[in-house]
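Working notes, structure below.
The values are calculated or read from the model by the stated rules, or taken from the named source; none is laboratory data. In this text, all values refer to a predicted model and were calculated from it rather than measured experimentally. Neighbour counts are summed over all protein chains in view; Cβ atoms, including those assigned to glycine, are modelled from backbone coordinates with ideal geometry. The accessibility values were calculated without ligands, DNA or RNA, using every heavy atom of the protein model including side chains. Shrake-Rupley method; radii C 1.70, N 1.55, O 1.52, S 1.80 Å.
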Amino acid sequence: MNPNNAFLLAVGLPVFASPVIYLIGRIATRKNPKVDLARWLALLTLLADGYFLLIAGMEFIQTRHELLIAVGAVSLRLDGIALLLAAVVLALGTLVTLFSGPAVARDSGRETYFALLTAMIGTIIGLGAADDLFNLWVWFEAMALCSYVLVAFYRNEAAALEAGVKYLVQSALGTVLVLLAIGLVFANTGSVDLDEIRIAAQPSGLMLAAGALFIIGFGVKAALVPLHTWLPDAHSQAPSGISAMLSGVVIEAGLVAMLRALGALHLVTVSWGALLLGFAAVNMLVGNLMALRQTQVKRLLAYSSLSHMGYILLGVGAGAVIGSEYSAAGGFFHILTHAMMKGLAFLAAGALLYSLHQAVGNHDPLVVDDLNGASRKYPLTAFAFSVAVLGLGGLPPLAGFMSKWQIFVGGFQTGSAWIMALVVFAALNSVLSLGYYAPLVNRLYRCQPVRIVEQGKPIPVLMSLPMLILSLGVVVLGIWPSLADWLTGPAAQSLLMLFGG
Amino acid sequence: MTISIPTTVIIMVLGLIGIGIYALLTTRHLLKVIVALQLLVKGAMLALVLAGRLTGQEDLGQSLAITVIIADTIVAVIGMALAVQVRRVIGTLDLRSLTSLRR
């Protein structure tokens, strides 16, 4: 198959399959409420999509020629960053679909869930590959629309609605600001094509304003502190599979969109990268300090996403400022490992939430006390959760250690005093983060089981399987981190081309 | 003294954005917040059309604006659907009562 067509299919298939999944799932459920076709259709779509992405990705990896595709007004470019984002979102999305089957089985509207999840995966693949500013905005908005509905999926719960409203209002304001920035850039350069803007964008006050609007607008989605206030609510109230997607890829997709837009304005000022480094420091500190005082497990994990966004920004920012390819590759490697670890952490927390609360029909949040002694009854889930949080804390030999290590080494290699200071700060933050990760593991293994754990329901096999795969991935990538080089290397080169010219 | 058309449109854009942001900052009613967001988007839309006009690419500017109309309508619909659900479950549309998650 022609790789260009394969990539077009990889972007289009989930988006166009989404309404079909909804309709067929709805009809099947109406005829027989026990039948749940939507999830299997979604899984099939994603597996087929993975095949198409593999064809297109292999072509790019082997020839290192960017694939340029234009259909009507839609123009796509498969480069390293697009491939990395697409691979991460598709892999995590497939596992989440598998996991979500039992998790939402008793909720009404599960066809909506799977249809929107599939559509969201397609729009993120498109977002990563968008080749002009307006395409970027449309994919970004489409991704946001899917996620608004998914966050408020438990639509009869006051807390989920509150989180959905906060998310929608803040996010919608962000997209308006991006739109204004596009208007400014368009008026100044006469184009919305990223390549033409790269050449035409010259330093001026209006272009600086446009860049600032891009940072604020995309920064809401990417959860840059202080634009993060929606994140802990949305990530903790969404269904667990969606929390995994939001933390694992959606905020990173916001960052990728921001990098594309700022990369096109790289002639305007050299300080975009430095700004990213500034946000890196604030994100790490605020995320960790807020996570330390949380009592709900999913809320704690949501705040820890903020600090991990900081590490990613540190790697990517050092790549953009100094042009350090190793550092940028570390940042992208951390996007990959964070998606795996945070995805795993949310899935494991979701499995416990399901078996302890949802399966007995209550919508209480999972608090840290519920973890006490859970390893006796749920050994696999407890193990998966421990692997995830210890990896997030950066203990060797887990994947999180390797990606942080690469970011730190890359930062030191730049030789810049500021970046070295930032690396030391990040390392200290990593130690600080163990202050909330380690007690969770302690509770799982060294406490007496609480009553709620003893009365818990069993965890279905389909929920355990994705956790097993992700745990294995976290351990394997921790031992052989070079396994991901084929994905992170080209992404880093693409980033340097964005900011280096 | 005559005011040119672009100047008028720029004033309108700034006015819409100003009113939108002011409304967003002052109102605490969910439906009014959605209306404020709509005002902001309308301002941005007008800015896109104006940008197309100024750079001599009216077709591009207008097609961008039409796409924005579609996307923005969906946001409004989802926002209002959420508002209906908020009213049913929580019993009020006042955002000040939506603070159970703050800690």
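Overview of values
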| read-out | value |
| --- | --- |
| Candidates B:Ala71, B:Ala76, filtered to the one that is small (Gly, Ala, Ser), touching a residue at least 24 places away in the same chain (Cβ under 8 Å) and surrounded by fewer than 21 Cβ atoms within 10 Å (Cβ to Cβ) | B:Ala76 |
| Residues located in the range B:77-103, provided they are facing chain A (nearest Cβ under 9 Å) and hydrophobic (A, V, I, L, M, F, W, C) | B:Ile78, B:Ala81, B:Leu82, B:Ala83, B:Val86, B:Val89, B:Ile90, B:Leu95, B:Leu98, B:Leu101 |
| Unmet requirement for A:Gly25, which otherwise passes all of (1) under 28 Å from A:Met258 (Cα atoms); (2) open to solvent by less than 30 Å² (accessible area, probe 1.4 Å); (3) more than 24 Å from the chain's Cα centre (by Cα) | (1) |
| Search result, residues across the range A:1-22 that are in contact with a helix residue (DSSP H, G or I) (Cβ under 6 Å, 6 or more places away or on another chain) and open to solvent by less than 20 Å² (accessible area, probe 1.4 Å) | A:Ala6, A:Phe7, A:Ala10, A:Val11, A:Pro14, A:Ala17, A:Ser18, A:Ile21 |
| Qualifying residue in the range B:33-55 (condition: surrounded by fewer than 15 Cβ atoms within 10 Å (Cβ to Cβ) and at pLDDT below 95) | no |
| Failed condition for B:Leu31, given (1) away from chain A (no Cβ under 11 Å); (2) outside any helix (DSSP H, G or I) | (2) |
| Candidates A:Pro203, A:Pro226, filtered to the one that is at pLDDT below 95, out of contact with any Ser or Thr (no Cβ under 8 Å at 6 or more places or on another chain) and more than 9 Å from every other protein chain (Cβ to nearest Cβ) | A:Pro226 |
| Qualifying residue in the range A:100-117 (condition: within 14 Å of chain B (Cβ to nearest Cβ), open to solvent by 10 Å² or more (accessible area, probe 1.4 Å) and assigned to a helix (DSSP H, G or I)) | yes |
| Condition check for B:Gly52: of a type in the set (Gly, Ala, Ser) and either touching a strand residue (DSSP E or B) at 6+ places or on another chain (Cβ under 9 Å) or farther than 30 Å from A:Ser191 by Cα (or both) | no |
| Residue within the range A:44-52 that is surrounded by 19 or more Cβ atoms within 10 Å (Cβ to Cβ) and hydrophobic (A, V, I, L, M, F, W, C) present | yes |
| Subset of the range B:53-69 [within 9 Å of chain A (Cβ to nearest Cβ) and under 27 Å from B:Ile34 (Cα atoms)] | B:Gly61, B:Ser63, B:Leu64, B:Thr67, B:Val68 |
| Residues (open to solvent by 10 Å² or more (accessible area, probe 1.4 Å) and either under 19 Å from the mean Cα position of the chain (by Cα) or of a type outside the set (Ser, Thr, Tyr) (or both)) located in the range A:199-214 | A:Ile199, A:Ala200, A:Gln202, A:Pro203, A:Gly205, A:Leu206, A:Leu208, A:Ala209, A:Ala212, A:Leu213 |
| Out of A:Ala274, A:Ala253, sole residue that is over 19 Å from A:Asn135 (Cα atoms) and either in a helix (DSSP H, G or I) or open to solvent by 10 Å² or more (accessible area, probe 1.4 Å) (or both) | A:Ala274 |
| Residue satisfying all of: in the range A:135-187; of a type outside the set (A, V, I, L, M), surrounded by 22 or more Cβ atoms within 10 Å (Cβ to Cβ) and at the interface with chain B (Cβ under 7 Å from one of its Cβ atoms); nearest to B:Leu54 (Cα to Cα) among these | A:Phe186 |
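Yes or no, residue by residue, for (1) of a type in the set (Gly, Ala, Ser); (2) touching a residue at least 60 places away in the same chain (Cβ under 8 Å); (3) touching a Pro at 6+ places or on another chain (Cβ under 7 Å); (4) not in a helix (DSSP H, G or I):
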position	(1), (2), (3), (4)
A:Val387	no, yes, no, no
A:Leu390	no, no, no, no
A:Met402	no, yes, yes, no
A:Ile407	no, yes, no, no
A:Gly411	yes, yes, no, no
A:Met420	no, no, no, no
A:Val431	no, no, no, no
A:Tyr436	no, yes, no, no
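The rows are residues; the columns are (1) within 14 Å of another protein chain (Cβ to nearest Cβ); (2) not aliphatic (A, V, I, L, M).
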position	(1), (2)
A:Lys34	no, yes
A:Leu37	no, no
A:Leu46	no, no
A:Gly50	no, yes
A:Ser75	yes, yes
